[in-house]
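Values quoted throughout were computed directly from the atomic coordinates according to the rules given, and no laboratory measurement underlies them. A quick note: this is a predicted structure, and the numbers were derived from the prediction, not measured. Counting neighbours? That spans all protein chains shown, and the Cβs are built from the backbone with ideal geometry, glycine included.
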Amino acid sequence: MALPHPYGTLRCWAGTVQLRRAVRATGVLLTTALLAITLTGCGDEKSATVTSATASPSASASPNASPTPPPDRDGDGISDSSDTYPDDPKNTPQQPPVSLECDTGNDWDALLTVRPGKDGRPDFSEVWAAKPTACDAQAEIYPVTDIEKAALKTSKYEDGNITTLYEMCAAVDPEDTYLEADYAASSEQIPEINAALLLCPTYPYAKKWRETVKRGQADVDLAAQGRIFGEGTFRVGKEIKPGTYVTTDVDGCYWERQNASGDTIDNYFTNSARRVQVTIRASDYAFSSENCGEWRPTR
């Protein structure tokens, strides 16, 4: 005789076992065995459920944000902390700030600074504002920029530094010799002034500098032609040109015109004179003078 199923239904919910008890009480041992098996299965289901819940991975962590790039003001790809010229994308070499000790009238040793400027030229505006009459650099200055190198070449300096040019550009003395109305720069001063003008073309007295250079260059050209000369004996037509010459403010001046035998054609002496004039002829062989200063053609 077949036995009815001892339990009508067996259900498990989160570890809770509900049993619907059968009417008959027979088969207790079988019932107990079946119950044990069922409980074991429900335990496994619970375990799987819990394991599944705990094993579910959390949402993937978002990737780390990109690091903030270091500051780069000029956008040249070099961080400001490593960029020698952080405001120049071309990284053009620049002279570091130059310290000058200047006489400003109110202060004998005012410390002023020349800063890098545009196009490789130094910026003297801070110095000029103080109107110093003289300045001395605190250290020797060597050319860095192309403009400074060109200034060195123009100056014809042999020691390789441009310290004097910086000092010239810094001082704005209205009583400087170069600013005198009739001053003519010498052959040595002309390249130096021209070099300074390369370095500081907007110098407050740049116009007067250019005028003294112009007068000086005219004299250099005349000297090359043999039309400006000093004391000594010169061959007429070879070393000096014939013509009428004048000298000024002399003491104990003596001159003579000579023929080919060395004899005197004409001569003159004065203890003191504001102006002396002589005409050298093309037929003269030589001209000699002492203590007469510089002879210049009459204008």
*Of Leu197, Val114, Thr133, farthest towards positive along the dipole that unit charges on Lys, Arg, Asp, Glu beta carbons give region 98-224*: Leu197
*Would you mind putting 89-96, 169-176 in packing order, based on average other-beta-carbon counts within 10 Å, highest first?*
169-176, 89-96
*For the residue pair Asp80 and Thr92, what label-to-label distance in nm results when each label sits 7 Å from Cα along the Cα-to-beta-carbon direction?*
2.2
*Taking Cα pairs under 8 Å and at least six residues apart, what relative contact order does region 98-224 come out at, in percent?*
22
_Added length on full extension, which subtracts the Cα-Cα distance from 0.36 nm per residue, Gln189 to Tyr142_ = 14.9 nm
*asked:* Charges on Cβ only, +1 for Lys and Arg, -1 for Asp and Glu, centred on the Cα centroid of region 232-297; of Val276, Ile240, Phe287, which one is farthest towards the dipole's positive end?
replied: Ile240
*Diffusion coefficient, µm² s⁻¹, Stokes-Einstein with Kirkwood Rh over alpha-carbon pairs of region 98-224 at 10 °C and 1.306 mPa s*: 107
_Only Lys, Arg (+1) and Asp, Glu (-1) charged, at Cβ; region 232-297 dipole about Cα centre in debye_ = 280
*With a point put 7 Å past each Cα toward its Cβ, work out how far Ala218 is from Glu294 in nm, to one decimal.*
1.3
*Normalised by the residues of region 232-297, what does the relative contact order come to in percent, with Cα pairs under 8 Å and at least six apart?*
48
*Pulled fully out, how much extra length does the chain show between Gln277 and Ser125, if you take 0.36 nm times their separation in residues and subtract their Cα-Cα distance?*
49.9 nm
*region 104-143 residues near the modelled Thr202 label - backbone nitrogen below 16 Å, point 7 Å along Cα→Cβ*: 114-131
*Trp108 to Glu175: FRET efficiency via 1/(1 + (r/R0)^6), r the Cβ-Cβ distance, R0 22 Å, to the nearest 0.05?*
0.80
*Taking a 29 Å limit on the Cα-Cα distance, which of the listed pairs Lys118/Lys156; Lys207/Lys238; Lys90/Lys214; Lys149/Lys208 fall beyond it?*
Lys207/Lys238; Lys90/Lys214
_Estimated inter-spin distance, Thr264 and Asp182, nm [label 7 Å along Cα→Cβ]_ = 3.0
